[in-house]
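Notes for the one structure printed next.
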Amino acid sequence: MSNMLRGTMLLSGASFLSRFLGMIFVIPFFAIVGTTGNALFVYAYTPYSIFISLSTVGIPAAVSKFVSKYNALGDYQIGMRMFRTGGVLMLATGIVAFLVMFLSADLIGAQQIKGEDGPITSEDIAFVIRMVSFALIVIPAMSIVRGFFQGNQSMGPTAISQTIEQIVRVIAILAGSYIIVNYFNGSITLAVGFAAFAALIGALAACLVLFWYWRKRKPFIDKQIAKQTTTHDFRTIDLFKELFRYAGPFVLVGLAIPLYQLVDQFTFEPAMVASGREALWTTEIAVINNLGHKIIIIPMTIATGLSMAMLPALTNAFTQNDQTTYTRLINQALQVIMVFVIPAAAGIAILSDEIFGSLFTLEDIDITGSLMAWYAPVALLFGLITVTAGMLQGVDQQNYAVISLLGGLLVKILFNSQFIHLFGGKGAILGTALAAGIAVCLNLARLKRSLDFSFKQTMKRTMLILIFTGMMCFVIAVLKFAFGFFLPFEEERWATIIMLLIGVSGGGLFYLFLAYKSTLLNHIFNGNIPGLNRLKHKK
């Protein structure tokens, strides 16, 4: 299997597990703090995500690109030098971001919630924001270590540290919030505040993992430096100039989804109240920005892992002007996204009631399930934003990624309130889909123009994927109709869980069977289908 695919599967697997844990913890967390607590959590956590991106200013991903570029040129020392200076910079920006977020918590809370009569107040949001802000001290410096390892095409440290970080964080969230509510009779706000503080606990656990990997890999890195024959004599200021030239666009790529969510949080409650839907706004924002969002972005983890794994290899090929290699990488990356994310998003849409009902609650399922069904296809757009922006950065077109993302964000800002007035919660989803779709189209158009790249092969295989996905959805619909005579899955949670398992296994296996028998998977993965070849060898 190619290095990119191996790295993709490693990072995607870790990212999937992290996202899966992030989704699973919401189930008991929902039982502890309810819809209001989940809405409060996301109202504080979205600004935190934005501060994380701003505090790292795209440096970790830029370090990955920088290290990969100069490793390809045979200069390992310059990458180590960049790692050290970047680490100091990230520690400083992390401390500054913590202070700014902590001190501006009241202002951020007041701008998101108008009035004090609702289930969530601006003071509640400010408290949770202060609790989560402590993680900013650690995470930027930690993330640059991950970027350095990825630049050396070593994906294991990132994958393992992400997994440990999420496991420790989830345990801290559930244990802490449960003890606060059930043993100390604490408020929901206090429980959610501790859940937010758990981001710091998880980050510290990840730091220990990365430190262990650093101790283990340092001798090998030193050997590479000792054997190098090429040296670039850069002043520190020149190092930072090149780094920030790469880094700037990475900020907006990481900010895209949190910024869309932040627009929702500033416009959702006022628009819902103004349109006479004030009784629904906490339920719908919890689905769109937290409960449902955690489910629909699970397919996107493949895009995230692919983008992270692809960037060093794509940068390497572009630096060496290897057109055949970078054309193959781009085609393969797009097709991996399509073959996994399209059927996953369609499956979530057709099984949305069963997913939400089995994981959370059947109460108001006509509202919550419908919202998630509308939101599911946006997973493909989110994935394509991540991957196409990564491609533009890999071929030194990173500035255009900024333009496309800003264009999409402007559309979201201009139309979001109007869409919510017209369609309620579905309007916010429509605004996000329109913004993300514009960004993806602009990115793909730029790739085609700048590289004279042809999407013909990808489009042909996407048509086949859509046909197989349609057949999969038909099978799921038949299963729901048939088992509806025996299972009251619209009324009983146990029946909903059984129906979900039947739908996922039946539809998923049917799709994989079609994709394998048609040789679609074989062509996309160049004969190296993850996991299948190993299974054949065992036989």
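The values are calculated or read from the model by the stated rules, or taken from the named source; none is laboratory data. What you see is a predicted model, and the numbers here were worked out from it, not measured in a lab. Cβ atoms come from the backbone with ideal geometry, glycine included; neighbour counts cover every protein chain shown. Heavy atoms of the whole protein, side chains included, go into the accessibility calculation; ligands, DNA and RNA do not. Shrake-Rupley method; radii C 1.70, N 1.55, O 1.52, S 1.80 Å.
Is it true that some residue in the stretch 170-193 is in a helix (DSSP H, G or I) and within 18 Å of the chain's Cα centre (by Cα)?
Yes: one or more hits.
Mind listing whichever residues of the stretch 402-439 are of a type in the set (Ser, Thr, Tyr) and under 19 Å from the mean Cα position of the chain (by Cα)? If the condition is that a residue be of a type in the set (Ser, Thr, Tyr) and under 19 Å from the mean Cα position of the chain (by Cα), then 404, 432 are the ones that fit. All conditions but one from (1) under 20 Å from residue 105 (Cβ atoms); (2) open to solvent by less than 20 Å² (accessible area, probe 1.4 Å); (3) not acidic (Asp, Glu) apply to residue 127; the one that does not is (2).
Search the stretch 350-376 for residues being closer than 23 Å to residue 475 by Cα and assigned to a loop (DSSP other than H, G, I, E, B), and hand back the single one that is nearest to the chain's Cα centre (by Cα). Residue satisfying both the conditions and the ranking: 376.
Going through (1) more than 25 Å from residue 288 (Cα to Cα); (2) open to solvent by 40 Å² or more (accessible area, probe 1.4 Å) one by one, residue 451 falls short only on (2).
So, of the residues in the stretch 112-138 that are assigned to a helix (DSSP H, G or I) and out of contact with any Gly (no Cβ under 7 Å at 6 or more places or on another chain), which turns out to be nearest to residue 214 (Cα to Cα)?
135
Among the residues of the stretch 478-491, those identified as surrounded by fewer than 14 Cβ atoms within 10 Å (Cβ to Cβ) and either touching a residue at least 60 places away in the same chain (Cβ under 8 Å) or small (Gly, Ala, Ser) (or both) are 482, 484, 491.
Exactly one residue out of 344, 379 is in a helix (DSSP H, G or I), open to solvent by less than 10 Å² (accessible area, probe 1.4 Å) and hydrophobic (A, V, I, L, M, F, W, C): that is 379.
All conditions in (1) over 23 Å from residue 271 (Cβ atoms); (2) in contact (Cβ under 8 Å) with a residue 40 or more places away in the chain hold for residue 403, with the sole exception of (2). Of the residues making up the stretch 67-83, just one is part of a helix (DSSP H, G or I), aromatic (Phe, Trp, Tyr) and either closer than 19 Å to residue 313 by Cβ or out of contact with any helix residue (DSSP H, G or I) (no Cβ under 8 Å at 6 or more places or on another chain) (or both), namely 70. Would you mind stating whether residue 266 is over 19 Å from residue 158 (Cα atoms), open to solvent by 10 Å² or more (accessible area, probe 1.4 Å) and at pLDDT below 75? It is false that residue 266 is over 19 Å from residue 158 (Cα atoms), open to solvent by 10 Å² or more (accessible area, probe 1.4 Å) and at pLDDT below 75.
The conditions of being closer than 30 Å to residue 68 by Cβ and touching a helix residue (DSSP H, G or I) at 6+ places or on another chain (Cβ under 6 Å) are met by residue 402.
When the residues of the stretch 379-404 are filtered to those that are in contact with a Ser or Thr (Cβ under 6 Å, 6 or more places away or on another chain) and not polar (S, T, N, Q), which remaining residue is farthest from residue 62 (Cα to Cα)? For the stretch 379-404, the residue satisfying everything is 387. The set of residues in the stretch 439-491 that are at pLDDT below 85, among the hydroxyl-bearing types (Ser, Thr, Tyr) and assigned to a helix (DSSP H, G or I) contains only 450.
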